[in-house]
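This report refers to the structure that appears directly beneath it.
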Amino acid sequence: MCAAFPDFRLGNVLATSFTGTLSERHGEAVERIPTPHRLVDWLAVNGLAVDSCTTAQLEIARELRESIHAAATAAAIQDALPVSAVQVINDCSAQGRAAAILTPEGRRRWRLSSASCVQDALGVIAADAIIIIAGERDGKLALCASPTCQAAFFDTSQSRTRKWCDMNTCGNRQKKARFNANQRKKPT
């Protein structure tokens, strides 16, 4: 991956990892898929390899990402799901034609209808979003405690009390800030 672009924040849940391609939404936003090629990279890293992506497909992907973020945020705070976000998620899910394939190793992989079908890949992401927002997977939607992030993430920890979308970024940043504040309070 090109050093000019920020790293992807990868997680265990496809839909919320996808929403993480725009981070620091309440601070200085970091766009992790600024070009069609970066969307191709992200899809490949997440087992949804496609050969290419157009600018129009990137815009559809971003619309899906923002719709998933809006719906997951509403679900996390137990608010009504935004109708327009639900419509985008449902449309993307219905338009995709990917098939789940069982590998000889007992893993699930996705087969897209063609190597150039971004629509199929987005359909897989939308279907995953539906499963987590509908509460059909073991875990719970939560919002990152970082005031600049507040990303929706899927908490599968045993106690379901995780605070950060990503411990390596938001969690460490908050813990470092707390440590530095405590250091300033100590008498010299």
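Among the helices (runs of 4 or more DSSP H) confined to region 1-85, the ones with at least 1 residues that are under 23 Å from residue 134 (Cβ atoms), among the charged types (D, E, K, R) and out of contact with any Leu (no Cβ under 7 Å at 6 or more places or on another chain) are located at 55-76. Per this entry, residue 84 is not counted among residues that are free of Cβ contacts under 8 Å to residues at least 40 places away in the same chain, surrounded by 11 or more Cβ atoms within 10 Å (Cβ to Cβ) and touching a Lys or Arg at 6+ places or on another chain (Cβ under 7 Å).
Output the residues belonging to region 1-37 that are at pLDDT below 90, β-branched (Val, Ile, Thr) and either within 19 Å of residue 118 (Cβ to Cβ) or open to solvent by less than 20 Å² (accessible area, probe 1.4 Å) (or both). Result: 13, single match. Regarding residue 173, is this residue modelled with pLDDT of 75 or more and of a type in the set (Lys, Arg)? For residue 173, the condition - modelled with pLDDT of 75 or more and of a type in the set (Lys, Arg) - is not met. Of the residues in region 96-104, at least one is in contact with a Lys or Arg (Cβ under 6 Å, 6 or more places away or on another chain), within 20 Å of residue 154 (Cβ to Cβ), outside any helix (DSSP H, G or I) and among the aliphatic types (A, V, I, L, M).
The values are calculated or read from the model by the stated rules, or taken from the named source; none is laboratory data. Quick caveat: nothing in here was measured; it's all calculated off a predicted structure. Cβ atoms come from the backbone with ideal geometry, glycine included; neighbour counts cover every protein chain shown. Heads up: the accessible areas ignore ligands, DNA and RNA and are worked out on the full protein's heavy atoms, side chains in. Shrake-Rupley method; radii C 1.70, N 1.55, O 1.52, S 1.80 Å.
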